[in-house]
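Chemist: One structure follows; several queries about it will come next.
Coordinate-derived values only; no laboratory data. All figures in this text were calculated on a predicted structure; none of them were measured in a lab. Note that each Cβ is placed from the backbone with ideal geometry, even for glycine, and that neighbours are counted across all protein chains shown.
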Amino acid sequence: MEKNKPRIATASLAGCFGCHMSLLDLDEKLLDLVELVEFDQSPIDDYKHITQTCQIGLIEGGCCNVHNVEVLKQFRKQCEILISVGQCALMGGIPAMRNAIPIESCFAEAYLNGPTVYNPKEILPIDKELPSLLDKVYPCHEVVHIDYFLPGCPPDTALFNTILLALLKGDKGAIPKELLHYD
Ligand code: SF4
């Protein structure tokens with residue numbers, strides 16, 4: 001009987017999905033990867049939710065609202081190894097540019113005073129379906145334990161292959177420095 005393959009899941013929080021695009025840029029190497037693993041929640045099979053415990057999880061984006069925090073905590077519970085992927089997950093990235101600005105000023109610029117805003121009734125988005133914004137954007141490791149970090153915006157495509165193969169082989173050896181960038 002064929003041994004169950006390790007499962008990999010991916011999820012996106014406050015990110016642009018560019019890190020996922022870098023993973024997808026593995027192109028034909030993805031075919032080699034699916035010989036070794038099963039993809040769970042990911043853009044590869046388009047599963048929208050994680051279906052069971054996975055051996056490796058890749059998380060993109062930081063936490064800017066309460067929904068991101070819930071998703072991240074749940075994802076952490078379901079992934080034995082969790083890898084923070086890209087500058088948004090590692091440091092908050094572009095969304096964290098609001099961290100130096102009071103949240104009321106962010107709302108005012110977005111919905112009242114911005115140069116392209118037309119909102120004569122000055123209605124702010126208050127529907128309870130909308131997740132509340134956090135006081136600032138948090139990197140993932142400030143919310144849950146993270147096992148590995150892949151820097152870059154986005155991380156180099158080859159870096160995904162290198163770290164996934166290393167973890168699958170149980171070889172946590174050094175990642176080539178040329179694959180790491182901190183832009
Ligand atoms: S790190 Fe860069 S590519 Fe990845 S989600 Fe953030 S902005 Fe997009």
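Chemist: To the nearest 10 degrees, how steeply does helix 157-168 sit against the main Cα axis of the chain, on a 0 to 90 scale?
Modeler: 50 degrees
Chemist: Here's something else I'd like to know. Measuring from label point to label point, each 7 Å out along Cα→Cβ, what is the Phe107 to Leu124 span in nm?
Modeler: Label at Phe107, label at Leu124, 0.2 nm between them.
Chemist: If you take the beta carbon distance between Met97 and Lys3 as r and set R0 to 45 Å, what does 1/(1 + (r/R0)^6) give as a FRET efficiency, to the nearest 0.05?
Modeler: Approximately 0.45, to the nearest 0.05.
Chemist: Would you please give the FRET efficiency between Val66 and Asp46, computed as 1/(1 + (r/R0)^6) with r the Cβ-Cβ distance and R0 = 35 Å, to the nearest 0.05?
Modeler: Computed FRET efficiency for Val66 and Asp46: 0.85.
Chemist: Going through the cross-link list Lys136/Lys169; Lys5/Lys128; Lys73/Lys121; Lys48/Lys169, which pairs have a Cα-Cα distance over 31 Å in this structure?
Modeler: Lys136/Lys169; Lys5/Lys128; Lys73/Lys121
Chemist: Give me, ordered by chain and number, the residues 5 or more places off Leu58 or on other chains with an amide H under 5 Å from its own placed amide H.
Modeler: Under 5 Å from the amide H of Leu58: Ala9, Thr10, Ala11, Ile83.
Chemist: Something else: Tally the DSSP beta bridges in the chain and give the antiparallel ones as a percent, rounded to 5.
Modeler: The antiparallel proportion sits near 20 percent.
Chemist: Assign unit charges at the C-beta atoms only (+1 for Lys and Arg, -1 for Asp and Glu), then state the dipole size of the stretch 27-165 relative to its Cα centre in Debye, rounded to the nearest 20.
Modeler: Computed charge dipole of the stretch 27-165: roughly 560 debye.
Chemist: Mind pulling the angle between the C-alpha long axis of helix 66-78 and the longest principal axis of the chain? Nearest 10 degrees, somewhere in 0 to 90.
Modeler: 10 degrees
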